[in-house]
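Only one structure is covered here, and it is reproduced in the block below.
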Amino acid sequence: MPVTDVTNYSNLANISTTQTTSTSSSSSVTTATNDTLGKDAFLKLLVAELSNQDPLNPMEDREFISQMATFSSLEQMQNMNNTLTSMSEANKFNAVQYIGKAIAFTSGDGEEAVQKVAVVNHVWFDPKEGTILDTTEGEVPLEKVEGVSVIG
């Protein structure tokens, strides 16, 4: 099965890659992937720009330094995002230590806010709502926990 990657560079802000796979029965499957300009695409564009520049009028070093700074910033933002994701995952699993312990949290908002204490029975992970603690007072999001205490 031959696979062909076709890249559309007509709009650099919205590069899209389309992958078409053909089978012997003449059917084709098309999938769209990655609609953003990542660091690999940025580096490929920079290399293409450098290799296709006019030798009589080369890119000024200020422009090159500016583009390299942009590339460096993009890479650092991606590294920071990966670090924050890792920290979030670690924090999620630390909530398991709350099982069997008393937690303090505030229930309600504004005038109806009440400080409560409850014992954690279970911890579950909701991809949309985050880490949820199932307590004797109901479900409590991990972010609302204000204190933890050992029972007894």
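The values are calculated or read from the model by the stated rules, or taken from the named source; none is laboratory data. Owing to the predicted nature of the structure, the values given are computational and were not obtained by experimental measurement. Please note: Cβ atoms are built from the backbone with ideal geometry, for glycine as well, and neighbour counts cover all protein chains shown.
Overview of results
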{"item": "Residues that are within 30 Å of the chain's Cα centre (by Cα) and either of a type outside the set (S, T, N, Q) or not assigned by TED's automatic domain parsing to the domain that holds residue 144 (or both), drawn from segment 110-131", "result": "120, 122, 123, 124, 125, 126, 127, 128, 129, 130"}
{"item": "Test: residue 147 is of a type outside the set (Val, Ile, Thr), without any contact (Cβ under 8 Å) to a residue 40 or more places away in the chain and not in a helix (DSSP H, G or I)", "result": "no"}
{"item": "Elements of type strands (runs of 3 or more DSSP E) in segment 72-137, at least 1 residues being without any contact (Cβ under 8 Å) to a residue 24 or more places away in the chain and surrounded by 12 or more Cβ atoms within 10 Å (Cβ to Cβ)", "result": "114-126, 130-135"}
{"item": "Hits in segment 127-152 (condition: polar (S, T, N, Q) and out of contact with any Leu (no Cβ under 8 Å at 6 or more places or on another chain))", "result": "135, 136, 149"}
